[in-house]
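Student: Got a structure for you, questions after.
The values are calculated or read from the model by the stated rules, or taken from the named source; none is laboratory data. What you see is a predicted model; the values in this text were computed from it and never measured. Note that we place each Cβ from the backbone using ideal geometry, even for glycine, and neighbour counts take in every protein chain shown.
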Amino acid sequence: GPGGGAPLENANPLIYRRSGERPVTAREEDDELPDIIDDREIFDLIRSINDPEHPLTLEELNVVEQVRVKVNDAESTVAVEFTPTIPHCSMATLIGLSIKVKLIRSLPERFKLDVHITPGTHVSEHA
Amino acid sequence: FCLENTDPRMRGRGMQLLSQVLLQCYYLLQEKEVLHLVLFYENRLQDHHLVIPSVLQGLRALSMCEVLSPGLAVSVLKAIFQEVHVQSLLQLDRHTVYSIITNFMGTREEELKGLGADFTFGFIQVMDGEKDPRNLLVAFQIVRDLIAKNYALGPFVEELFEVTSCYFPIDFTPPPNDPHGIQREDLILSLRAVLASTPQFAEFLLPLLIEKMDSDLQSAKLDALQTLTACCAIYGQKELQEFLPSLWSSLRREVFQTASEKVEAESLAALHALSACLSRSVLSSDTEDLLYSFLSSILQDCRHHLCEPDMKLVWPSAKLLQAAAGASLRACHHITSSVLPLLLEQYNKHPQSSQRRTILEMLLGFLELQQKWGHVEEEESTLLSLQAPICSVVFSALTDPSVQLQLVGIRALTVLGSLQGFLSPSDLELVVDHLIRLALCEEDSQSSEAAMEAAGSLAPIYPKVFSGRMVPRLEEELQSEPEEESSRDRCSLRQRCLQALAAVSTHTSIVRETVPVLLQHLRKVQKESEAGSAQDIISVCQSLHRVALQCQQDAESCWYYHQTVVPSLLAMAVQAAVQESTHPPLGKALLQEEVLAAMVPVISAATTHLSPELAAQSVSHVVPLFLNGEVSFLPQNSFSCSFQPFQDGECLEAQRRLVALLMAFVCSLPRNVAIPQQEWLLRELLALSCSCNCSFTATTAAKCFAGLVNKHPAGKGLGRSLPTTGSAVAQPVPSMSPGQQLDEILQLAVNRIEPGLVEGPHRTQALTLLLWVTKALVLRYHPLSSHLTDKLLGLLSDTELGPAAADGFSLLMAESPDVLHKGCHADVRIMFRQRFFTDNVPKLVQGFHGAGPDVKANYLKGLSHVLNHLPKPVLVTELPTLLSLLLEALSCSDRVVQLSTLSCLQPLLLEAPQIMSLHVDTLVTKFLSLTSSPTMAVRIAALRCAHALTSLPTIVLLPYKARVIRALAKPLDDKKRLVRKEAVAARGEW
């Protein structure tokens, strides 16, 4: 059993590989050309948030995935879907809140945020 | 009289005086005097407690006497053990007792051992309850000596253990400004040395370690794990046997569940040590082999996790198994024979690339352990019996579409290849074919590069296979003419061939095959007059350069390479230059600046590692080629007209550029190689550098001149300073010393530079020459360097040359890639940057304050360059004095100054927050305003500084918090992604 503290709800979760730092392109180094805010950039903001229960990141637990991040720079909207590790995960609301706070702090004010649980993956989707 | 006074304070003072005297002169005492004093002092131990400290001081003095009669040491110690309650004394007096014991142990070991276990017991009572870290260090040392020198512990082993282990784990934080300088780490190591000094402690220590590993305190865990590792060095099966199950379960838990990499690493190290300890023990036929039963329990707990390549515990399990297996050949054999078949089976069971990658990575880990034991042992190796399935798994990874899996496959291939006798000849051919395919045809550049690297590391092991199979294939591909493929594919395939040829040239026999292919190809692309051919030539040069670097360590390859490549390159270049001189506007690709610049490192790398004898042989051809047009040593040497790069004449411009190749050669020679006709050569270079209209040629000549001057022997003339202006220069006479020759040539240079700087069409050339000569002399601490640096400082106020002079400081401070660096044997003193800083920064600061507004920026820029190249630790200690200037520099509109100032301030914010706090207002304002600079690099640097501001004390920052967070919202919407990234980091931290 675990060494100290309360037993984990999910002690041996599936883990996923970290995607690594985004490589810097020549275009990004060009002073003149603008870079739009894209899905990967939003994903990079939230992927390294730590799970409240594990010493693992949301990316390693596959709670967030780049395909579930949608951004429209021109219309200033961001939508993030996240998937709790197990359907009864009691931390789902906390995870959602962590993502939201991180995005509010890191994005320009013009953005409208929508953070929600991936449909069909949690018992309290509307919590 | 004092000694008999009834007031204990007075007696104490009397004793103090006597003991002080003894401490001064104990070495003068006679044996008899010592005897009387000892008896007196022993008796005084019964005196009032106020007197005791001085009595102990006296005994300490006596314990240092060489003439102490036999028996007295024992009697002194007995008296102390009996009469003194040590732990009720003050720290200093307790320390005195330890010193007495230490002194006696050093000189009277046999006598003390005569006391038997009583001595040990006495000491246990002395140290029981000790709390002062200074005393503990001494006491621990005494215990170590007791054990190491085999004093009788008798029935007191457990007591001795108790009296020391009660400090475990050490929990001590030195008070701030501690004058004794005892660190927690000192105590930890000292106690560990005690605890791990004898197997006799094992039965008490191991339960304690297990208890501490199970605690929640990370420092206790780490200490326990490290102590366990230390114990394994001296324990045997007997000590460990009873505790193995609990030890294993604790270690397993730490690795499976830890959040700390450090704990994980120490747990693995402890497991490794345990396994090594069990492997070491000699087996007797009737006892159980503990190693096997221990390993079996590990296998039992870890094996099944390996079958779940998606799950979190897969890696911890693999690490545990590898830690245990890495301890000995026996352990390795036992574990791999169980795990390898399992992994192979799992690989075939899991079709997904990502799972296969995990499994293959684990397999690779076990193969690397095999590599550690060198060759595969014919009889008992399970590895050989698995040869076919392992190869098939690795080959399947190489053909998988997933690049990640390919990369692991390539690494596995490299390991398999290095296991001697593992790959059969037919497998080897297959390996080479796979590598060729991946190197040339794999779309992903990572895989292609990895395959080339693998070929490079396997080629020296199997040179015949690679030279017979790979080199011909690459040559064929290189020569084949483009067919239907688009020219871009063609181009990249050629590029890959060139890279692969260079990568595989890691064995002397292969170099002899690849170098002619590369040179042949170079001649071919040089003849093709495509637009892109300059780039093609550069690619070949890059490959040739890599081969040159790989040849450097092997004298034979190095000389072969030099002899083959240098004359060929020179011949091609001379040929092109001579043709250009006769039919001027040809515009040969080979003579373009960037192509010549690409040939420079090739020639340089082919020259730096030559032995002085061979280098002398080569220099006797190359210098006459440039000075006298001696072309006879070149491979194709019939030219349409003569080669005279140093002659005057419009049409010789192309020939003059080849000074770049001369520079590459002559500036890379070892310092002790004499250069024929050096004076003449230097004069020609000097003239060329000052008068040539082409800036490439002039700069190259200046660099070549500087490179030679830097290495020119100084002789005795070094100390004498030179007259600064134009005295008539005598012609060199043969009897001159090297030092005089150097002074002479430097004087010539100064005489050309000074008037050149004042006026005329070649001011820029004169400045360039000044910079390079200054650099050459600054590096070797030549006395003339300060005169030249002052010249340069003076130019900062020149409206025309000022900015270039300011940038010149960067040239002085930076490592130059082709000349004047350590690699080409230049004379570089290690502290030259610090010295330059100390000598010149005050002058720069002074100049700045005296300068007119239009040239102030030049001084700041020069200063920025100097600061930028200073080692960071030096910078941090020196910067506070320059702080006000740096703050002023933040308002300078030059972006080079802004950038360099920001990069100076950033480490200062992190390392000297106290000083920086005083300027927080200015810093916040300037940093925030620079975050909207038009230059991206400045915005990034300003945001990094804003980020670094957070390391100032919170109390200083609080008033600015709201303002900074508001201001940092704007760069979150910057048009550049890299800027936004820094803004997110900085704002998050605020």
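Student: Among (1) farther than 20 Å from B:Pro670 by Cα; (2) surrounded by fewer than 20 Cβ atoms within 10 Å (Cβ to Cβ), where does B:Ala577 come up short?
Tutor: (2)
Student: Also: Looking at A:Ser48, is it part of a loop (DSSP other than H, G, I, E, B), under 11 Å from the mean Cα position of the chain (by Cα) and either away from chain B (no Cβ under 14 Å) or modelled with pLDDT of 80 or more (or both)?
Tutor: On the way: part of a loop (DSSP other than H, G, I, E, B): yes; under 11 Å from the mean Cα position of the chain (by Cα): yes; either away from chain B (no Cβ under 14 Å) or modelled with pLDDT of 80 or more (or both): yes.
Answer is yes for this residue.
Student: Also: What number of residues within the stretch B:907-932 satisfy the criterion of being surrounded by 18 or more Cβ atoms within 10 Å (Cβ to Cβ) and within 26 Å of B:Val855 (Cα to Cα)?
Tutor: 5
Student: Another question about this same structure. Of the residues that make up the stretch B:419-433, is at least one in contact with a Cys (Cβ under 9 Å, 6 or more places away or on another chain), aliphatic (A, V, I, L, M) and outside any helix (DSSP H, G or I)?
Tutor: Scanning the stretch B:419-433, I find at least one residue that is in contact with a Cys (Cβ under 9 Å, 6 or more places away or on another chain), aliphatic (A, V, I, L, M) and outside any helix (DSSP H, G or I), so the answer is yes.
Student: Does B:Val578 qualify as being assigned to a helix (DSSP H, G or I), under 30 Å from the mean Cα position of the chain (by Cα) and touching a residue at least 40 places away in the same chain (Cβ under 8 Å)?
Tutor: When the stated conditions are applied, B:Val578 does not pass them.
Student: Of the residues that sit in the stretch B:636-659 and are part of a loop (DSSP other than H, G, I, E, B) and modelled with pLDDT of 85 or more, which one is nearest to B:Leu591 (Cα to Cα)?
Tutor: Per the stated criteria, the residue is B:Leu658.
Student: Just for the stretch B:199-248: of the residues that are outside any loop (DSSP other than H, G, I, E, B) and among the β-branched types (Val, Ile, Thr), which one is nearest to B:Ala265 (Cα to Cα)?
Tutor: B:Thr229
Student: Next question. Scan the stretch A:92-110 for residues that are surrounded by 16 or more Cβ atoms within 10 Å (Cβ to Cβ), without any contact (Cβ under 8 Å) to a residue 60 or more places away in the chain and among the hydrophobic types (A, V, I, L, M, F, W, C) and jot them down.
Tutor: Correct list: A:Ala92, A:Ile95, A:Ile99.
Student: Also: Among the residues of the stretch B:177-232, which ones are without any contact (Cβ under 8 Å) to a residue 24 or more places away in the chain, on the phi < 0 side of the Ramachandran plot and polar (S, T, N, Q)?
Tutor: B:Gln183, B:Ser215, listed by residue number.
Student: List, please: which pairs have Cβ atoms under 9 Å, are six or more places apart or on different chains, and start with a residue in the stretch B:323-350 that is under 27 Å from B:Glu266 (Cβ atoms) and end with one that is buried (at least 24 other Cβ atoms within 10 Å of the Cβ) and of a type in the set (Ser, Thr, Tyr)?
Tutor: Filtered contacts from the stretch B:323-350: B:Ala323/B:Ser267; B:Ala323/B:Ser275; B:Ala324/B:Ser275; B:Ala325/B:Ser275; B:Gly326/B:Ser275; B:Ala327/B:Ser275; B:Ser328/B:Ser275; B:Ala331/B:Ser275.
Student: If you don't mind, another one. Of all residues in the stretch B:968-981 being out of contact with any Lys or Arg (no Cβ under 6 Å at 6 or more places or on another chain) and more than 7 Å from every other protein chain (Cβ to nearest Cβ), which is surrounded by the fewest Cβ atoms within 10 Å (Cβ to Cβ)?
Tutor: Step by step, filter the stretch B:968-981, then rank; the result is B:Lys970.
Student: Now for a separate question. Is at least one residue of the stretch B:67-88 over 19 Å from B:Phe119 (Cβ atoms), out of contact with any His (no Cβ under 7 Å at 6 or more places or on another chain) and of a type in the set (S, T, N, Q)?
Tutor: yes
Student: Just one of (1) more than 9 Å from chain A (Cβ to nearest Cβ); (2) crowded, with 19+ Cβ neighbours inside 10 Å; (3) among the basic types (Lys, Arg) trips up B:Lys961, so point out which.
Tutor: (2)
Student: Inspect the stretch B:928-939 for any residue being out of contact with any Lys or Arg (no Cβ under 9 Å at 6 or more places or on another chain) and not polar (S, T, N, Q) and give the result as yes or no.
Tutor: no
Student: Please indicate, with yes or no, whether at least one residue in the stretch B:457-471 is at pLDDT below 90 and within 36 Å of the chain's Cα centre (by Cα). I'd like the intermediate steps shown before the answer.
Tutor: So in the stretch B:457-471, the residues at pLDDT below 90 come out as none.
No, every residue in the stretch B:457-471 fails to be at pLDDT below 90 and within 36 Å of the chain's Cα centre (by Cα).
Student: Out of everything in the stretch A:29-42 that is assigned to a helix (DSSP H, G or I) and under 22 Å from A:Leu103 (Cα atoms), what residue ends up being nearest to the other protein chains (Cβ to nearest Cβ)? If you could, list the steps in order and put the result at the bottom.
Tutor: Applying the first criterion (assigned to a helix (DSSP H, G or I)) to the stretch A:29-42 yields A:29, A:39-42.
From what is left, the residues that are under 22 Å from A:Leu103 (Cα atoms) are A:39-42.
Working: A:Asp39: 13, A:Arg40: 10, A:Glu41: 6, A:Ile42: 11 Å.
In this case the residue turns out to be A:Glu41.
Student: Filter the stretch B:299-337 for residues that are over 34 Å from the mean Cα position of the chain (by Cα), more than 14 Å from every other protein chain (Cβ to nearest Cβ) and under 24 Å from B:Leu384 (Cβ atoms) and give the result.
Tutor: B:Leu299, B:Arg303, B:Arg330, B:His333, B:His334, B:Ile335, B:Thr336, B:Ser337
Student: With B:Leu614, B:Leu610, B:Leu625, B:Leu590 as the choices, which residue is surrounded by 15 or more Cβ atoms within 10 Å (Cβ to Cβ) and part of a loop (DSSP other than H, G, I, E, B)?
Tutor: Result of the check over B:Leu614, B:Leu610, B:Leu625, B:Leu590: B:Leu610.
Student: Restricting to the stretch B:929-949, name every residue that is within 14 Å of chain A (Cβ to nearest Cβ) and in a helix (DSSP H, G or I).
Tutor: Result: B:Met936, B:Ala937, B:Val938, B:Arg939, B:Ile940, B:Ala941, B:Leu943, B:His947.
Student: For the stretch A:93-108, what are the residues that are within 14 Å of chain B (Cβ to nearest Cβ) and over 12 Å from the mean Cα position of the chain (by Cα)?
Tutor: Matches in the stretch A:93-108: A:Ile104, A:Arg105, A:Ser106, A:Leu107, A:Pro108.
Student: Quick one: would you say B:Ala193 is within 14 Å of chain A (Cβ to nearest Cβ), of a type in the set (Gly, Ala, Ser) and assigned to a helix (DSSP H, G or I)?
Tutor: Taking the combined requirement at face value, the residue does not satisfy it.
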